[in-house]
Number of protein chains: 2
Amino acid sequence: MSAVVEAIRNEVGADRVADDAEMLARHAADWTGWSGGLPLAVVRPRSVADVAAVMALCHAHGQPVAVQGGRTGLCGGAATQAGEIALSLERLKGVEAIDGTSMTVLAGTTVAEAQSAAHAVGAELGIDFGARGTAAVGGAISTNAGGLHVIETGMTRAQVLGLEVVLADGRVLSELTTMVKVNSGFDLKQLFIGSEGALGVVTRAVLALRPLRQGLATAALALTDPEEALTALEAARRTFGPDLSSFEAMWPDYVTTMSARTGFAFPFADAPLALILEARDATDAGATARMEAFLEASAEAGWLADAVVAGSLAQARSLWQLRDEGPAAYSTVFAGTIPFDISVPARDLTTAATRMGAAVRAIAAARDEAGLHPMTYGHIGDQNLHFVVGCDAKPTAAEKAAIEEKVYGVVAELGGAVSAEHGIGQLKKPYLALSRGPLAIELMKTLKATLDPKNILNPGRVF
Amino acid sequence: MSAVVEAIRNEVGADRVADDAEMLARHAADWTGWSGGLPLAVVRPRSVADVAAVMALCHAHGQPVAVQGGRTGLCGGAATQAGEIALSLERLKGVEAIDGTSMTVLAGTTVAEAQSAAHAVGAELGIDFGARGTAAVGGAISTNAGGLHVIETGMTRAQVLGLEVVLADGRVLSELTTMVKVNSGFDLKQLFIGSEGALGVVTRAVLALRPLRQGLATAALALTDPEEALTALEAARRTFGPDLSSFEAMWPDYVTTMSARTGFAFPFADAPLALILEARDATDAGATARMEAFLEASAEAGWLADAVVAGSLAQARSLWQLRDEGPAAYSTVFAGTIPFDISVPARDLTTAATRMGAAVRAIAAARDEAGLHPMTYGHIGDQNLHFVVGCDAKPTAAEKAAIEEKVYGVVAELGGAVSAEHGIGQLKKPYLALSRGPLAIELMKTLKATLDPKNILNPGRVF
């Protein structure tokens, strides 16, 4: 056993440290399955004091650390590299205080647990995404997670009122305010939100809550033309204002491929572009009436080909199923996937979808590979496309690189972002410079060197 | 003339540089009238390249710079110290691009000009406060300005999609994205928002716009008891959800004193607590109907003593006048004021108001000073109180310090913030440590030294 692991065991207790093969393997990868190598040990603190003690020791020993929440990331941020210590926050969980406007929560609490605690006081958390049952609040904050309702609530950053962070050297910065307005010196928490654990370990947060809106209407729409997506978005924003809570799109390549492979039903298989809209109101009846009036006006305006409004919660779930559960089924229905999570300016959304699909089809045709399935969907209300290439045979590194080069080339040409909501981690590092200039990357490195001079916190992530 | 001013004149042109007595005096102070001394010269760039050239020269010469927008700040952030160069962005103005979802704007554009440009495309900017006609967008960003609608839109930080900043050494960090979701490396713009010009000079920004909501209802309310303020707030949040756009409170000390001295009318002079509420909807009629139903239910619930809903825009303006125009009248109706802008946790709002008022009355009684008028009002939906002591005689520094010590003592005891939305500047520096811990202040200084190693950008502000 290494000296630093021995020191950690002595300092925080042997029950916090595991190095059996099963634990090492389990903590080596994130949801992509990718790993950079096995960790030396898995350390699972039970208190913030434990985290501080572990970081102080790792700092003293120059020992690299991979910070882990629920390990649901999709770009290798929490996956370990050989020789790192996996610092898992999974035992540091619980809601410590809550009322209708905010909750104080430990970092290892899952997003679903935090959501339930909010519901129990008649309130709602503005963080929600597919991995909610496993993803930890600390990970959501460290990656500034997005999700299905960003159009309504903003990203995770917008939900964070207070934050506690253990710095690389073990010092604890604890600023757990419940107040919305604190212009009293630099807002240091912003440094740690979305910086992927490279600047500090999030241990606690105060998250804003909002009153639970009781009414909700869900509708599936078929547009006459994909180019009408922005017309539809503008009309929905005007009609529902801040009550528009989801605006999701699926292109026919996604609907056709995933319906066939999963059996999940969706009412409009052949629509040039399918949308799922959700809007809130004081009551279900009020929300449904507004949605129906909106759809009627949209049909008259000419851009809406067909639509259906859910008449029950069960029907709403069924309209969502293909979109919400499809991605979780990739590992069952494909031998491999090459996933993208990109932003482009609003006016270029349909262009990006078309060009990315064409690029992949061209690669497939040139190589006589029938088994590549480009699929496009996403949160287009936020200019965020998920573009995924489903593969019938596990892609080689070279195949993956060839496709990434083409797709990111399209993104860069359109002035887009190579990661919209998943982050950079280890897997998207080669493409960071397509979205950010040399001065920006230099400043990121300067901040990293300032706050983590020994480069022990999530080293080799982001840049 | 100093060597650096001469160098700036040669580099960017003599028409950018002024050092006549009138200009120096005009640019020495902010809206408080306070100044730390006259600047060496006033430099007014006409382009971002000018700003970069000026900063490069000042960096080379170790020349301190005071960054100025509309100089409407209330804590001496933009007021100069003797020997500084006043770098005024007032000529760097204009909206460069706009559509319904965002605008790209130069930093010297006033908030009112940006609002007008948004209205012209049927959209709305989520930044609004009393100084809108003079305050510059760059200043609003650098101070993370709040205002009357934070409960609906969030602070200025939440409106910034992209930012361009000239660093202390003249390098230009330009990240003018229009996209909502960009988790591609650290979100560097967050460093510069709200750091009061100490880390960089904001030159351009992309601001998010939202669709203009046509309907609005305005109401004035008299509560039965100030302790019911949080009951009222919770009820309003539940009823109006994200359509609640203002929730302002005035205590009787403010209403009585300011009504008498300005002649501005307000319907409830003797209410234990008066509120002004605004809520939006698709139409005025819809908004008014919701507001009336809310008030009826509130009267039945027992905490509402009386209320009036504006029946016209003119009537709405009249309900707002005492709250909106009162503060601008201070300099006419008092010989001096001692202003506070604090946050406290929601449950402590009425306690804070009571204790701050009592503290000032105790000081007044002990000194036999009848001419001190404590007045309390604020954005209590955001836990933000403005507490102002109106003085019939100009207060001495000792009187001011005695009152500040008492009031900030109350704030610190309640775990509040010494500045909620105005910032720290030069005037609140002595009190920063009441709101932020030693490690936080050390980190601020580390960031400052990293990004501005010669300490030339707004030196001596914040800490």
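General observations
- Whole-angstrom gap from region B:77-119 to region A:355-416, using each part's C-alpha centre: 41 Å
- Overall dimensions of the protein assembly as shown by Cα: Rg and Dmax, Å: 28.0, 95
- C-alpha center-to-center spacing [region B:197-225, region B:50-74] in angstrom: 28 Å
- Reducing region A:1-37 and region A:163-179 to their Cα centroids gives an inter-centroid distance of 24 Å.
- Computed FRET value (nearest 0.05) for A:Ala282 with B:Asp99, which takes r as the C-beta separation and R₀ as 30 Å: 0.45
- Sorting B:381-390, A:267-276, B:148-157 by average packing, meaning the other beta carbons within 10 Å per residue, from highest down gives B:381-390, B:148-157, A:267-276.
- Between chain A and chain B, roughly 5800 Å² of accessible surface gets buried, counting both sides and using a 1.4 Å probe.
- When only Cα pairs below 8 angstrom with a gap of at least 6 residues are kept, chain A shows a relative contact order of 15 percent.
- Debye equation applied to the C-alpha atoms of region A:146-252, log10 I(q)/I(0) at 0.12 Å⁻¹: -0.61
- The mean of 1/r over all pairs of different alpha-carbon atoms in region B:274-352, once inverted, gives a Kirkwood hydrodynamic radius of 15.6 Å.
- Accessible surface, per residue, of the protein assembly as shown when the full set of protein chains is kept, probe 1.4 Å, Å²: 35 Å²
- Cβ-vector label at 7 Å, B:Glu442, separations to other copies in nm: 3.0
- Applying D = kT/(6 pi eta Rh) to region A:3-88, where Rh is the Kirkwood radius over alpha-carbon pairs, T corresponds to 20 °C and eta to 1.002 mPa s, the Stokes-Einstein value obtained is 170 µm²/s.
- Whole-percent carbon and sulfur share, accessible surface of the protein assembly as shown, 1.4 Å: 54 percent
- Ranked from shortest, the separations from the 7 Å Cα-to-Cβ label point of B:Ala297 to its equivalents in the other copies are 2.5 nm.
- Within region A:215-327, the proportion of C-alpha pairs whose separation exceeds 26 Å stands at 13%.
- Based on the convex hull around the alpha carbon atoms, region B:314-463 presents an average projected area of 11.2 nm².
- Point-to-point label distance, A:Asp270-A:Thr332, nm (Cα→Cβ direction, 7 Å offset): 2.9 nm
- Translational diffusion coefficient (Stokes-Einstein; Kirkwood radius from C-alpha pairs) of region B:95-211 at 25 °C, 0.890 mPa s, in µm²/s: 176 µm²/s
- When the pairs B:Lys406/B:Lys448; A:Lys189/B:Lys189; A:Lys189/A:Lys428; A:Lys189/A:Lys429 are compared against a 21 Å limit on Cα-Cα distance, B:Lys406/B:Lys448; A:Lys189/A:Lys428; A:Lys189/A:Lys429 fall above it.
- With a Förster radius of 45 Å applied to the beta-carbon distance between A:Ala293 and B:Ala299, the computed FRET efficiency rounds to 0.90.
- Cross-link partners of A:Lys181 among aspartates and glutamates (Cα-Cα below 17 Å; sequence separation of 8 or more within a chain): B:Asp128, B:Glu152, B:Glu196, B:Glu248, B:Asp341, B:Asp348, B:Asp382, B:Glu421
- For B:Ala397, inter-copy separations between label points set 7 Å beyond Cα along the Cβ vector come to 6.8 nm, shortest first.
- Rounded to 0.05, the FRET efficiency of the A:Thr224 and A:Ser312 pair, given R0 = 25 Å and the Cβ-Cβ distance, is 0.35.
- Lys, Arg +1 and Asp, Glu -1 on Cβ, resulting dipole of the protein assembly as shown about Cα centre, debye, nearest 20: 1920 debye
- Using only Cα coordinates, the Kirkwood hydrodynamic radius of chain B works out to 23.2 Å.
The values are calculated or read from the model by the stated rules, or taken from the named source; none is laboratory data. Predicted, not measured: the structure shown is a model, and the values here were computed from it. With ideal geometry, Cβ positions are generated from the backbone for all residues, glycine too; neighbour counts draw on all protein chains shown. Heavy atoms of the whole protein, side chains included, go into the accessibility calculation; ligands, DNA and RNA do not. Shrake-Rupley method; radii C 1.70, N 1.55, O 1.52, S 1.80 Å.
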